[in-house]
Structures are given as structure tokens and as C-alpha cells.
Amino acid sequence: GIRDLVRSRGLGDVYKRQLYIDPDLQPGLYLQTEAYLMLGEQSTAPERQSQAYGLAVRSAQSLLQYYEGDPLGYLYLAKARIGEGNVDLAETSLTRVAAVEDSLPDSAAPVIQEVFRTRGEMYYNQGRFEEALSDLEHYVSLADEFDAPAVEMIVESARKLEEGATVRQWVAVLVDNDPNNPEYELMQAEVWVEMCAIYDNVTCELSLIHI
């Protein structure tokens, strides 16, 4: 993908050459924005990181100026805004895509998945657990591959909301996908221990036997 291309050739003029040939070239604008986002992620100095994300914002805005409504453009803009710490503006960009999910072509499926995951994680980090749970469950229903960190956020969001059935459901999914993970086994045991406060001792003991 774009990120691999940047890594293999370096940032040194890959995107500049494309934009020099044709400033309106969509792949070149994608590459430019991806390059700035990667610089922001990799930078350890706050000033350089802020500068890179600022450039990513402007690059994504240019992309949307040339290609109005481009869902990937809005996703890039949101990621740059998150990098800047402007989560309100990031949410606006992500919601622009989420709101028109059903009208986007099949080719936009990977972008839609990433939009819901990004917004769900953002909600989770903000402590907006009901919205996080909704977005992340929808993302997992769309995702082509199992995403354990996303499911872990679902479990924790459900815990915060005291939705026991949802917690048990998703902990079971984690265990099924990684049965030898001791953290997930412990998580499942904790779920059953919590249930012991609800059921009588006999039911509790029988449940614990099947962990």
C-alpha cells in the first residue's frame, strides 16, 4: 500500500514527483498525506510531531478540495486532527463518512471499517463508552480479520456500562480466538466470579467448573 511504498522508497520526493507531474493527481495527494501522518507518528519531538500533523491536515484539506466528499480524505483528515489533539474536529470528519455509509460503493469498505474503528477508539479514550461500544461492535461486524485490541475495548466499554451479558459474550469471543491466552482465561474467570454475586452457590460452582 501507500505506507509500504513510502517505506521502500523513502519520503525523498516520491510524492513530490507525482504532484509535480499533476498537482490534482489523487494518488499523489493520498501519498503526501500518508507521508505526513507517518512522520507525525514516528516523531518523538513534540514540535516536529505537531508540524507533521499540521501539514497532514493541510494536505488532507487539499485532497478534499480537489475530490470533494472523498471518504479516505475525511479519514486522513480525522487522523491528522487526532494527532493534533483536536478530537472534536476529528469526530466531525469521521461522522461525515459514517453518516453516508450505506450510500458508499463496495470499494470504500476498508475505509468505512477504519472510520468506525478510529471513532470507536476515540470515544473509548474519551470515556464515552456507550458510543464506543456501538462503533466498535459495528466495526468488528464489518472487519475482514479478527481484531483483538478492538474486542478488548468492547469488553471494557461493556464493563463500564455494567452490561454483563455483553461482557460475557465478547470475553467468550476472545477466548475462542486465543484459547491459550492466560489474560483472556483470567478475564473469563473474573466474569464468572462476578456472576456468583447474582446466582446461588450451587449455580456458581457449576459455572466455575466449566471455565
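Some points to look at:
- Modelled spin labels at Glu101 and Gln65, positioned 7 Å past Cα toward Cβ, are 3.2 nm from each other.
- Here the gap between Thr44 and Ala109, fully extended at 0.36 nm per residue and compared with their Cα-Cα distance, gives a gain of 20.2 nm.
- Peptides 148-157, 185-194, ordered by how many other C-beta atoms sit within 10 Å of their residues on average, highest first, read 148-157, 185-194.
- Once the Cβ-Cβ distance of Val193 and Ser141 is raised to the sixth power relative to R0 = 22 Å, the FRET efficiency obtained is 0.15.
- Rounded to the nearest angstrom and listed largest first, the equivalent-ellipsoid semi-axes of region 120-169 from its Cα gyration tensor are 16, 13, 8.
None of the figures in this text is laboratory data; all of them are computed from the coordinates on show. Just so it is clear, the model here is predicted, and its values are computed rather than measured. Note that we place each Cβ from the backbone using ideal geometry, even for glycine, and neighbour counts take in every protein chain shown.
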